[in-house]
Amino acid sequence: MHSSIGIHTANIFKKTTWKESTSLYDDFKKFENETKELRTRPLHINEISSDSDECIKRLYAGLPKYYRMEYARKDKGIRWEMRRNKISPGYIKKENGEDKPCSIKAKITPKVLNGENDYVAAATEDIFRDVENSFNIEAERISPLLGNFDLFSYNRIDYCFNGDTQELKVGCTAEQMMKLIKRANIPSSFTERAKYNKRSNRKKPEKHSFYLKTKGNSVVINCYWKGAQLAEEYPDNPSLEDSRHVIRFEVQCKYPKVHLMSSNIKRRAGDSDLMIMKEMWSDKVCEDVVTKYFNKVVRKGDYFTLAGARWMVEAYNFRQDKEERLIYALELINECRGIAKAKSKLLGIDLQDFKRSLKDLDDILVNPVTIPREWNIDYIPNLLWAYYDSIYDEQLITLKELKAKKYVSEYLTRHWS
């Protein structure tokens, strides 16, 4: 299946001393000269990956030396970055042992590093050992100073859900699904990224992407149409055809979030560093992270027309004030063309009631975003629920969700019979 949940990319790093960093740099240059497989180049401060420490960027711009080691082959599945600085931020001289102000980082695309040359399907826990072995083999080729995988720690993990609209038979195109998702919720701790558009002479959100980031940049949500992204950025990619109907929902956990997750695992289980890394790669953690943020942003419910969503609400025979509150929320979101835009118009008690209505609609599995009338589509299942339905014979669901499923079935029977 093209539809999957797992790891998209993982960044691992370890700290080094200045002396180790100098020797490691020399080993990379030697490997480059002997094999011609990669190129080492200095990075401009603006090129430094967004998960690097922002304090370093601000306080040490121009002082630390950053280098990127990229392979000539795009299908290698690994890229290296080195940070070299004689003095670390907040430097305190240690009486025992050397300070480690430098670091080496590897950005890994697991399925590609593992030789599968697959840019669509996510990596699951069953290939963790294979990825570890592939990394160790490559590291040994370059320098003994790199050491094995278990000497590194995560400083970023990108968990992702790939939903193929055709494979999951949701009844709409990937482009239509992306339009619905772009009308989704923006949680209070997130803001949407906008890029400068020459035609309109102002910043606008990207056409086929819904990109949200936290103020502290610890978590980024990037939901995008994978086929459109590859066609634009990598048109000769071998996975282009497989990605045409794929919506990717990506949760990029940067260092603060990764550190918190690993600390929680260590406090709970007390595992070794390698076992912590393996657990954070597990299918359970992947599903938990993706489901949590998908439900916050895209929401739990299925998509209906405005009339269909009203029918679903009325079928429950709620108290009149609750029914009116839910229908008002649906109508406002429909009028404003999105949850976030509707939310921005409300204050005080009205905003509190609106947020409560979103949770109530989640409970009855009705997505607050409604299907545009001109599409002539009555119903579109929730993409993540459709995926889980496709891989599990039975899902563990609550009594509320079971009741909601029965009403959805009744709605479909009435409208499609």
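For the stretch 370-386, the set of residues classified as part of a helix (DSSP H, G or I) and either among the aliphatic types (A, V, I, L, M) or open to solvent by 60 Å² or more (accessible area, probe 1.4 Å) (or both) consists of 373, 374, 383, 384, 386, listed by residue number. Among the residues of the stretch 288-304, the one identified as part of a helix (DSSP H, G or I), of a type in the set (D, E, K, R) and crowded, with 17+ Cβ neighbours inside 10 Å is 296.
Looking only at the stretch 393-404, which residues are open to solvent by less than 60 Å² (accessible area, probe 1.4 Å) and at pLDDT 85 or above? If the condition is that a residue be open to solvent by less than 60 Å² (accessible area, probe 1.4 Å) and at pLDDT 85 or above, then 401, 404 are the ones that fit. For the stretch 148-167, filtering for residues that are part of a strand (DSSP E or B), within 15 Å of residue 10 (Cβ to Cβ) and open to solvent by less than 10 Å² (accessible area, probe 1.4 Å) leaves 4. Total residues in the stretch 136-147 satisfying the condition of being open to solvent by less than 30 Å² (accessible area, probe 1.4 Å), not small (Gly, Ala, Ser) and not in a helix (DSSP H, G or I): the figure is 1.
On the stretch given as the stretch 305-324, residues that are open to solvent by less than 40 Å² (accessible area, probe 1.4 Å), assigned to a helix (DSSP H, G or I) and not aliphatic (A, V, I, L, M) total 1. Remark: pairs (first residue in the stretch 22-34, free of Cβ contacts under 8 Å to residues at least 60 places away in the same chain; second residue in a helix (DSSP H, G or I); Cβ separation under 9 Å; 6+ apart in sequence or on different chains) = 30/142. Can you confirm whether the stretch 186-193 contains a residue that is of a type in the set (D, E, K, R), open to solvent by 10 Å² or more (accessible area, probe 1.4 Å) and touching a residue at least 24 places away in the same chain (Cβ under 8 Å)? Yes, some residue in the stretch 186-193 is of a type in the set (D, E, K, R), open to solvent by 10 Å² or more (accessible area, probe 1.4 Å) and touching a residue at least 24 places away in the same chain (Cβ under 8 Å). One residue stands out in the stretch 235-260 among those that are of a type in the set (Asp, Glu) and in contact (Cβ under 8 Å) with a residue 60 or more places away in the chain: the one that is most open to solvent (accessible area, probe 1.4 Å), namely 242. Among the conditions (1) polar (S, T, N, Q); (2) assigned to a helix (DSSP H, G or I); (3) over 22 Å from residue 168 (Cβ atoms), the only one that residue 390 does not satisfy is (3). For the stretch 261-281, does any single residue satisfy the condition of being open to solvent by 10 Å² or more (accessible area, probe 1.4 Å), closer than 15 Å to residue 364 by Cα and assigned to a helix (DSSP H, G or I)? No, the stretch 261-281 has no match at all. May I ask you to verify whether residue 389 is without any contact (Cβ under 8 Å) to a residue 60 or more places away in the chain and open to solvent by less than 60 Å² (accessible area, probe 1.4 Å)? Criteria not met by residue 389. Report yes if some residue within the stretch 314-335 is of a type in the set (Asp, Glu) and under 26 Å from the mean Cα position of the chain (by Cα); otherwise report no. No, the stretch 314-335 contains no residue that is of a type in the set (Asp, Glu) and under 26 Å from the mean Cα position of the chain (by Cα). If you go through the stretch 356-369 and keep only what is open to solvent by 90 Å² or more (accessible area, probe 1.4 Å) and under 13 Å from residue 185 (Cα atoms), you end up with just 359.
The values are calculated or read from the model by the stated rules, or taken from the named source; none is laboratory data. Source: prediction; values computed, not measured. Every residue, glycine among them, receives a Cβ derived from its backbone with ideal geometry; neighbour counts consider all protein chains shown. Surface accessibility is based on the protein's heavy atoms, side chains included, excluding ligands, DNA and RNA. Shrake-Rupley method; radii C 1.70, N 1.55, O 1.52, S 1.80 Å.
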